[in-house]
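Computed from the coordinates by the stated procedures, all read-outs in this text should not be read as laboratory data. Keep in mind the model is a prediction, meaning the values are calculated, not measured. Positions of Cβ are generated from backbone atoms using ideal geometry, with glycine treated the same way; all protein chains shown enter the neighbour counts.
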Amino acid sequence: MNLRELETYLHHINVIEQKQKESGKSINDFPMLNETEKLYLDPLFNIIRFPKNAFFKEGQNIFISRHNRFAPMIEHLHDFIEITYVYAGQCRQKINGDEIDLPQGSLCVLDRDVPHSIEPLGEEDILINILINEETFSSLFLLRMQNDTSLATSFLTTAFDKQARHDRYMIFDTSSNSRIHLQMQMLLSEYWSYQSQRETFLSHYLQLIFMELFRIYRDETFAHHTSQRFDYAKVLDYIDSHYQGLKISDLAQYFGYNSNYMSNMLKKHTGKNFQEILLEKRLLIACDLLSNTELSIDNIALESGFNTTSYFFRQFKKRYGCTPSAYRKNNV
């Protein structure tokens with residue numbers, strides 16, 4: 001399927017939509033739910049729960065559809081991840097009790113077991129549903145960042161995970177990012193082309209989309225934490241490059257601050273003091289060296305900026321709950 005065919009397919013009014021347009025009522029068109037299987041009422045939430053086997057074949061982890069227009073989607077939940085992308089037009093959803101208007105370019109990632117519903121879409125409203133099996137909300141993003149040793153990524157992943165666990169859904173404005181729309185078009189074209197190695201291509205396209213979303217989250221977070229006087233990202237970048245033997249006085253002097261101001265601003269923006277940040281960076285370097293080199297533990301301690309191997313052992317075990325040797329064995 002090329003991009004012109006994709007546009008035609010997405011805007012075409014199908015049989016289900018024509019019936020919904022005439023009646024205003026939603027019609028069940030689950031692709032793999034046979035006559036003997038039924039939706040059931042979740043006893044905890046008292047709303048409809050959609051079963052996995054209505055969407056995923058055995059061994060399949062990705063299901064994509066264009067949301068049918070002209071009728072509401074009832075409040076429901078399910079135990080797989082759902083991504084909705086407003087390809088064109090607009091959409092109003094109710095998520096966990098919150099009514100949310102989503103303009104074109106909005107991308108919403110829903111955790112498992114989050115109640116949600118969708119109001120009727122108009123003819124020019126194109127909403128894409130992407131369902132992902134065998135993933136957790138955080139793993140979609142955070143596992144893709146696990147080999148990054150930068151402090152910025154470390155603190156961003158912590159903040160992201162905290163927000164994700166609290167809200168159970170996240171909304172991204174991708175309207176100014178043309179790459180995401182193009183990657184979404186490539187994803188959809190691949191999905192409906194039914195060619196060989198389709199699952200592999202889909203997985204890679206999704207990975208690119210998630211990495212772009214994390215960039216959006218990064219830029220928004222940095223913008224929120226950056227003022228005219230203090231550039232949070234630049235300070236972390238400097239620590240990244242000078243973590244061996246770096247002192248708070250050196251860092252403050254480089255940026256033209258006194259040590260107390262630098263210390264207070266780091267605590268305000270990261271929740272950690274300078275020594276804790278420096279330790280975080282050195283442990284990130286140690287993990288990378290343990291996983292990707294054959295250096296001895298003594299040399300890794302030295303390369304990571306620790307004065308003694310014994311201090312390195314204590315801090316590593318305190319942070320990761322295992323010895324450096326055990327970590328290496330499990331992560332090579």
- Message: From Cα pairs below 8 angstrom and at least 6 apart in sequence, can you work out the relative contact order of region 226-331, rounded to a whole percent?
- Response: 19 percent
- A chain fully extended from PHE45 to GLN60 at 0.36 nm per residue, minus the present Cα-Cα distance, gains in nm 2.7 nm
- Message: Need the list of aspartates and glutamates near LYS52 for cross-linking: C-alpha distance under 15 angstrom, and skip anything on the same chain fewer than eight residues off.
- Response: ASP29, GLU37, ASP42, ASP79, GLU82, ASP111, ASP113, GLU134, GLU135
- Task: Work out how much length MET1 to GLU199 would gain on full extension: take 0.36 nm times their residue separation and subtract the Cα-Cα distance, in nm to one decimal.
- Result: 69.7 nm
- Pick out which of PHE172, PHE222, PHE255 has the largest mean-square fluctuation in a Gaussian network model of the chain, springs linking Cα atoms closer than 10 Å. PHE255
- Leading residue at positive end of dipole, the chain (Cβ point charges), from HIS11, PHE313, GLY24: PHE313
- Message: Suppose we look only past 14 Å in the calculated P(r) of region 219-271. What percent of the Cα-Cα pairs does that tail hold?
- Response: 51 percent
- The extension gain from LEU10 to SER249, computed as 0.36 nm times the residue separation minus the Cα-Cα distance, is 80.1 nm
- Task: Would you please name the GluC sites (Glu not before Pro) within region 242-297 that are DSSP coil residues with at most 11 other C-beta atoms within 10 Å of their C-beta?
- Result: GLU294
- Query: Just for the Cα atoms in region 226-331, what are the lengths along the principal axes, largest first, rounded to whole Å?
  - Reply: 46, 21, 21
- What are the radius of gyration and Dmax of region 1-101, computed over its Cα atoms and given in Å? 15.1, 45
- Note on the structure: Among LEU127, LEU110, LEU251, the residue with the largest mean-square fluctuation in a Gaussian network model of the chain built from Cα contacts under 10 Å is LEU251
- Item | Spatially proximal lysines relative to LYS19 (Cα-Cα < 23 Å; intrachain offsets below 8 disregarded) | LYS38
- If one builds a Gaussian network model of the chain from Cα atoms under 10 Å apart, the most fluctuating residue listed among ARG92, ARG229, ARG112 is ARG229
- Given Cα pairs under 8 Å that are at least 6 residues apart, what percent is the relative contact order of the chain? 13 percent
- Would you please state which residues of region 280-309 a label at ASN330 would reach in this model, taking the label point 7 Å out along Cα→Cβ and a backbone N cut-off of under 19 Å? 283-293, 297
- the chain: calculated mean residue ellipticity at 222 nm from DSSP helix runs of at least 4, using -39500 (n - 2.57): -14500 deg cm²/dmol
- Message: What is the ratio of the Cα radius of gyration of the chain to 2.2 N^0.38 Å, with N the residue count, to two decimals?
- Response: 1.21
- Query: Label LEU182 and LYS94 with points 7 Å out from Cα along Cα→Cβ: what is the distance between them in nm?
  - Reply: 4.0 nm
- Query: Which three semi-axes in whole Å describe the equivalent ellipsoid of region 147-296, each the square root of 5 times a Cα gyration tensor eigenvalue, listed largest first?
  - Reply: 36, 20, 13
